[in-house]
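Written below as structure tokens is the structure these notes are about.
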Amino acid sequence: MPNTLFLRLEGPLQAWGERARWTIRDSAPEPTKSGVVGLLACALGLQADEDIRNLSRQVRIGVRCDLPGTLQRDYHTVIGGVLNAEGKIKRQRTSEIETVVSERFYLMDASFIVAVQAAPDLIDRLADAVQHPVWPIYLGRKSCVPARPIFQGLGDYVTLKEALQAAPRCDRWPVDQAVSVRIVLECPTRQGVRRRDEILSRTFRTYASRYIQEEELVIPPSDQPENEEVTSHG
């Protein structure tokens, strides 16, 4: 039975906050685990912190950066509703409501393949959920909608690297050329670089550490049959 779900995350804008706080809302260069788990939780209709935390602990993810996109900064303003330490709306000396300026970063025109590995019964549930989501799916922020259906098939692979090697090619690559891409693999504790994106509480925006490894992967031209193992589901 399949143990891997493939997702194509592609759209005009994506935003995968890794250290987003207050007026600076960053974006990691690729989907974070907390962002992918949040997407899956929306598809399943999960809302309770415990349910989302349990889902995160049951899955491992690998990301293939097919088209890394371009980092864009948005000048963003918020008027009204900003409270001071006394719980009152902030006002300027002229008594006008204070305007808060924030910087929000996005990845423009990016495309990623995400391999999600878990027990086969959970993968089957997730595959059905992303094709029939309870709540709308978005790419990191609610303003970032996918440009295409995200479901890309199922497969059975020993490692995340093997899965990403066999995943469908990006249809915006030259069909007759091999492509070298960056991949980000979740790995056992303390065997890679620490990243703080293992979700603990959506309510309080708290996260635990996990570990990742980055590698370069060569994807052969499309006339070679490496992708045949990926199966459809529906």
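Read-outs: derived from the displayed coordinates by stated rules, not from any lab. Just so we're clear, the structure is a prediction, and the values are computed from it rather than from any experiment. A quick note on method: Cβ atoms are made from the backbone with ideal geometry, for glycine too, and the neighbour counts reach across all protein chains shown.
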Checklist entry - In nanometres, what is the gap between the two model label sites at T206 and A119, each 7 Å from Cα along Cα-to-Cβ? => result 2.6
Next on the checklist: On a full-extension model of 0.36 nm per residue, what is the gain between D51 and I89, subtracting their alpha-carbon distance, rounded to one decimal in nm?
Outcome noted: 10.2 nm
Checklist outcome for this item: Distance in nm between R19 and H132 label points, each 7 Å along Cα→Cβ, equals 4.3
Checklist outcome for this item: Listed by chain and number, the lysines with an alpha carbon less than 28 angstrom from that of K161, same-chain partners under 8 positions apart left out, are K33
Checklist outcome for this item: Sorting F105, S34, I61 by the position of each Cα along the dipole of the stretch 1-128 (Lys, Arg +1; Asp, Glu -1; all at Cβ), the one nearest the positive end of that ordering is F105
Next on the checklist: Charges on Cβ only, +1 for Lys and Arg, -1 for Asp and Glu, centred on the Cα centroid of the chain; of V179, V193, A85, which one is farthest towards the dipole's positive end?
Outcome noted: A85
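When a footprinting reagent is the concern and you count Cβ atoms within 10 Å, what order do L46, L5, L200, L160 take, fewest first?
Numbers: L46 21, L5 29, L200 15, L160 24.
Ascending number of Cβ neighbours within 10 Å: L200, L46, L160, L5.
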Checklist entry - Taking the stretch 1-137 on its own, what percent of its Cα-Cα pair distances exceed 24 Å? => result 44
Checklist entry - Using 7 Å Cα-to-Cβ label points, what is the V193/E96 separation (nm, one decimal)? => result 4.4
Next on the checklist: Let me spell out the model: positive unit charges on the Cβ of Lys and Arg, negative unit charges on the Cβ of Asp and Glu, origin at the Cα centre of the chain. What dipole size does that give, in debye rounded to 20?
Outcome noted: 1300
Next on the checklist: Using only the alpha-carbon atoms of the chain as identical scatterers, what base-10 log of I(q)/I(0) does the Debye formula give at q = 0.12 Å⁻¹?
Outcome noted: -0.69
Checklist outcome for this item: Unit-weight point scatterers at every alpha-carbon of the stretch 64-198, Debye formula, q = 0.16, 0.18, 0.21, 0.22 1/Å: log10 I(q)/I(0) is -1.04, -1.21, -1.45, -1.50
Item to check | Order of V130, V145 under a 10 Å beta carbon neighbour criterion, fewest first | outcome: V145, V130
Item to check | Most fluctuating residue given options D66, D176, D124, as computed from a GNM of the chain linking Cα atoms under 10 Å | outcome: D176
